[in-house]
Amino acid sequence: MRYLIMISFAIAIWTNADIAWCKVNCNIHKTYCSIVKLKPKINKTFAMKLSNEIYKASKLYKLDPYRLVAIARQESYFKMSARNKHTKSHKTITCNEWEVCTNVVTTTVTTSDFGLFQFHISTMKTYDLDIIKVMTDMPFTVNFAAKLLAHKMKICEKLWPNTSWACYNSANPEAHQAYVKAVNRWYLGNKNDSNKDK
């Protein structure tokens, strides 16, 4: 009986918490609401924390918070522990003098990108980033992504004045335009916002 009461109490708390998140004022918490709209089943506590970190980093580096949200959606679908893995197999055949042959298949799994904003392995090495920190420390990861985005936008502003943010992924013309198209699917700025192509 005691366990039944505890379970009922836990369900009541969970239901009330869920209802409380439904009542979030989207005029105040715009970034949060854009995250939830892009991933309705996201953990709401995680979404609010992510929203707050994106808001702070956007202010610090003078970025469009909706652009950071769209990039995180494109890169990892808002998953802190996301990894982009590639598998390659190599087959070798060795035979002895009696033509008894052995086939050996070696499989190599390589991770090329890590975390919420999918930092490339070369970026991880260049900035000496700790994999565990990138995959678990949201404030650090969001701040670093915003700093990196601001840096790349500055480098690309002359080459790509309207889409310098897409240099987060690439400055190569074909890859750049593909990234603009991919990320703009998730861009949910204000209805009157004219920053979609910026």
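Quick notes on this one:
- Against the conditions (1) within 14 Å of T141 (Cβ to Cβ); (2) buried (at least 21 other Cβ atoms within 10 Å of the Cβ), R67 satisfies every one except (1).
- Some residue of the range 154-171 being under 15 Å from the mean Cα position of the chain (by Cα) and surrounded by fewer than 18 Cβ atoms within 10 Å (Cβ to Cβ): no
- Filter result for P139 (outside any strand (DSSP E or B), surrounded by fewer than 12 Cβ atoms within 10 Å (Cβ to Cβ) and modelled with pLDDT of 90 or more): no
- Candidate set from the range 166-198 (those that are closer than 19 Å to I35 by Cα and among the small types (G, A, S)); member that is modelled with the lowest pLDDT: G189
- Near pairs, Cβ below 6 angstrom, 6+ apart or cross-chain, from the range 44-62 (among the β-branched types (V, I, T)) to any residue that is part of a helix (DSSP H, G or I): I54/T31; I54/P65; I54/L68; I54/V142
- Looking only at the range 41-62, residues that are outside any helix (DSSP H, G or I) and under 17 Å from the mean Cα position of the chain (by Cα) come to 3 in all.
- Restricting the range 115-141 to residues that are farther than 15 Å from Y168 by Cβ and in contact (Cβ under 8 Å) with a residue 12 or more places away in the chain leaves a set whose member that is farthest from the chain's Cα centre (by Cα) is L129.
- Among the residues making up the range 63-84, those that are of a type in the set (A, V, I, L, M) and assigned to a helix (DSSP H, G or I) are L68, V69, A70, I71, A72.
The values are calculated or read from the model by the stated rules, or taken from the named source; none is laboratory data. Not measured: the values here are computed from a predicted model. Cβ atoms come from the backbone with ideal geometry, glycine included; neighbour counts cover every protein chain shown.
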